[in-house]
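Chemist: The structure's right below; bear with me while I get my questions together.
The values are calculated or read from the model by the stated rules, or taken from the named source; none is laboratory data. A quick note: this is a predicted structure, and the numbers were derived from the prediction, not measured. Heads up, the Cβs are rebuilt from the backbone with ideal geometry, glycines too, and the neighbour counts pull from every protein chain shown. Surface accessibility is based on the protein's heavy atoms, side chains included, excluding ligands, DNA and RNA. Shrake-Rupley method; radii C 1.70, N 1.55, O 1.52, S 1.80 Å.
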Amino acid sequence: MKKPVRSRKLFEQARQILPGGVDSPVRAFQSVGGIPLFIKRASGATIEDVDGNRFIDYVMSWGPLIHGHAPSGLVKAIAKAARLGTSFGAPSPLEHQLGEQVRALVPSMERVRFVSSGTEAAMSAARLARAFTGRDKIVKFAGCYHGHADSFLVKAGSGATTLGVPTSPGVARAVADTLLARYNDLAAVEALCNAHSGAVAAVIVEPIAGNMGVVAPAEGFLAGLRTLTERRGILLIFDEVISGFRASAGGAQSIFGVTPDLTCLGKIIGGGLPVGAYGGRADLMDMVAPAGPVYQAGTLSGNPLAMTAGLWALKRLTPRLYKDLAHRGSMLAAGFADAARHAGVNLQVNAFGSMVTPFFTSSPVRDYDTALNANTGAYATFFRGMLSRGIYPPPSQFEAWFLSAAHTERHITQTIAAARASMKEVARQI
Ligand SMILES: *Cc1c(COP(=O)(O)O)cnc(C)c1O
């Protein structure tokens, strides 16, 4: 790997104008050390930095790029759409076309509202839940991330955990109505709902957690949430911003056969452009303005370039794609485990289809507390070892590695070889 001379210079310039030099905290590499690499271009499974280093990318823009970087058909579709106008601030047919596509894949989303980020989707779903139920409290799970709206910034996972500020200052009032439960612990949710009987508007959950690293739902967890919320008139919100179109074309809800009242989407739904969406039962969604009184709006919502990219991406979610992704995901997971065993390093590999997290710990990871057992110093060493060998992992222990259609078996084999060498460096350090 060439020295990141240009990246270093650009980072210095960026820090003079952007807080921390970035527009989203985890990009700054703080928990793995070194400086963030500035990216010049990307194609397929590879990214290239401004110093000319090329990497097999496992960040994939943090999940959206299930078809790889800049597939040529997508680029053409966006260019064609741009020639017709980049934003109208008026309806275009693309919006209900993408809406119909979303509903065809996720039938519980009888009505869909497009926004521009996952944050907006989750924030708006919570507002709607409070309006519909006339209650204030929201149950969330430690280690789940639902974007950075105030009421969700408590034990928030993702970058918040990486930076050691899982609960942000500046949100004190909003989080007073947020009740925290342990992931995969149905009894904890039940106890909370009993203690705050009649006050809980919604339970929001990542049905497959991806923001404390990958943590799958325990047997019966999601179905149990459905039963206990239904009984109490509490809405169940699935935040499928990662799992939607990633775990399967129908999201986690189709895999586990559990139907939420509301679903939040983001990431893949925009094909690499900024799109989020929330939707669900028609009687709920018809409370959203202008159909109903719950206000929510967006100047660039339903943007024609973003809708075009989303349509392109969703039309290509074939069973074959998921089969290939799952195969390569398990190849990578097995490769990590094997590399660790070889080097004598304690590792737990959590994987779900094309999402994989190697946790540097000897005990199974099934919730936030057990995720926090992981040795972040070991991860940082692993990260730097991989980077030096042409692999670009997520710059944090508490994230998923994402595969795409562009990741071939050769890429995976190369990655496993790099992991074997990097694990030896971890073993020497611990
Ligand atoms: C990424 C993410 C969000 C936030 O989406 P943004 O587009 O970054 O605002 C919300 N929920 C989950 C589960 C996510 O992974």
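Chemist: Please state which one of Ala351, Ala427, Ala374, Ala405 is at pLDDT 95 or above, hydrophobic (A, V, I, L, M, F, W, C) and in a helix (DSSP H, G or I).
Modeler: One residue alone meets the criteria, Ala427.
Chemist: Go through the stretch 71-112 residue by residue and tally those that are more than 22 Å from Ala249 (Cβ to Cβ) and either among the polar types (S, T, N, Q) or within 21 Å of the chain's Cα centre (by Cα) (or both).
Modeler: 4
Chemist: Mind checking which residues of the stretch 176-198 are over 20 Å from Ala122 (Cβ atoms), out of contact with any helix residue (DSSP H, G or I) (no Cβ under 7 Å at 6 or more places or on another chain) and not charged (D, E, K, R)?
Modeler: Hits for the stretch 176-198 are Ala187, Ala188, Ala191, Asn194, Ala195, His196, Ser197, Gly198.
Chemist: Determine if the stretch 385-393 includes at least one residue that is in contact with a helix residue (DSSP H, G or I) (Cβ under 9 Å, 6 or more places away or on another chain) and assigned to a strand (DSSP E or B).
Modeler: Looking for residues that are in contact with a helix residue (DSSP H, G or I) (Cβ under 9 Å, 6 or more places away or on another chain) and assigned to a strand (DSSP E or B), one finds at least one in the stretch 385-393, hence yes.
Chemist: Return yes or no: is Val275 within 23 Å of Phe383 (Cα to Cα), buried (at least 20 other Cβ atoms within 10 Å of the Cβ) and in contact (Cβ under 8 Å) with a residue 24 or more places away in the chain?
Modeler: no
Chemist: Taking Gly298 and the conditions (1) more than 16 Å from the ligand (Cβ to nearest atom); (2) in contact (Cβ under 8 Å) with a residue 60 or more places away in the chain; (3) surrounded by fewer than 17 Cβ atoms within 10 Å (Cβ to Cβ), which numbered condition does it fall short on, given that it satisfies the others?
Modeler: Unmet for Gly298, out of (1) more than 16 Å from the ligand (Cβ to nearest atom); (2) in contact (Cβ under 8 Å) with a residue 60 or more places away in the chain; (3) surrounded by fewer than 17 Cβ atoms within 10 Å (Cβ to Cβ): (1).
Chemist: Okay, moving on. Can you find, within the stretch 307-346, the residue that is farthest from Ala104 (Cα to Cα) among those that are without any contact (Cβ under 8 Å) to a residue 60 or more places away in the chain and among the hydrophobic types (A, V, I, L, M, F, W, C)?
Modeler: Per the criteria, the residue is Ala337.
Chemist: Across the stretch 57-101, what is the total count of residues that are surrounded by 17 or more Cβ atoms within 10 Å (Cβ to Cβ) and within 16 Å of the ligand (Cβ to nearest atom)?
Modeler: Number satisfying all stated conditions: 8.
Chemist: Could I ask something else about it? Restricting to the stretch 195-250, name every residue that is hydroxyl-bearing (Ser, Thr, Tyr) and either within 11 Å of the ligand (Cβ to nearest atom) or open to solvent by less than 10 Å² (accessible area, probe 1.4 Å) (or both).
Modeler: Within the stretch 195-250, Thr229, Ser243 qualify.
Chemist: Right, something else. Cβ-Cβ below 8 Å, separation at least six or inter-chain, first residue in the stretch 175-192 and crowded, with 18+ Cβ neighbours inside 10 Å, second polar (S, T, N, Q) and part of a loop (DSSP other than H, G, I, E, B): which pairs?
Modeler: Once the first residue is crowded, with 18+ Cβ neighbours inside 10 Å and sits in the stretch 175-192, its partners that are polar (S, T, N, Q) and part of a loop (DSSP other than H, G, I, E, B) give Val175/Thr167.
Chemist: Taking the stretch 209-245, which residues are in contact with a strand residue (DSSP E or B) (Cβ under 7 Å, 6 or more places away or on another chain) and either β-branched (Val, Ile, Thr) or in a loop (DSSP other than H, G, I, E, B) (or both)?
Modeler: Gly210, Gly213, Val214, Val215, Ala216, Thr229, Ile234, Ile237, Glu240, Val241
Chemist: Here's something else I'd like to know. Residues of the stretch 113-151 being open to solvent by less than 10 Å² (accessible area, probe 1.4 Å) and either more than 13 Å from the ligand (Cβ to nearest atom) or without any contact (Cβ under 8 Å) to a residue 24 or more places away in the chain (or both), which ones?
Modeler: Within the stretch 113-151, Leu128, Ala129, Ile138, Val139 meet the criteria.
Chemist: Something else about it: Scanning for something within 16 Å of the ligand (Cβ to nearest atom), over 22 Å from Leu325 (Cβ atoms) and open to solvent by 70 Å² or more (accessible area, probe 1.4 Å), does the stretch 12-20 turn up at least one residue?
Modeler: no
Chemist: Out of the residues in the stretch 339-360 that are open to solvent by 10 Å² or more (accessible area, probe 1.4 Å) and out of contact with any helix residue (DSSP H, G or I) (no Cβ under 6 Å at 6 or more places or on another chain), which is farthest from Thr408 (Cα to Cα)?
Modeler: So, considering only residues that are open to solvent by 10 Å² or more (accessible area, probe 1.4 Å) and out of contact with any helix residue (DSSP H, G or I) (no Cβ under 6 Å at 6 or more places or on another chain), the one farthest from Thr408 (Cα to Cα) is Asn346.
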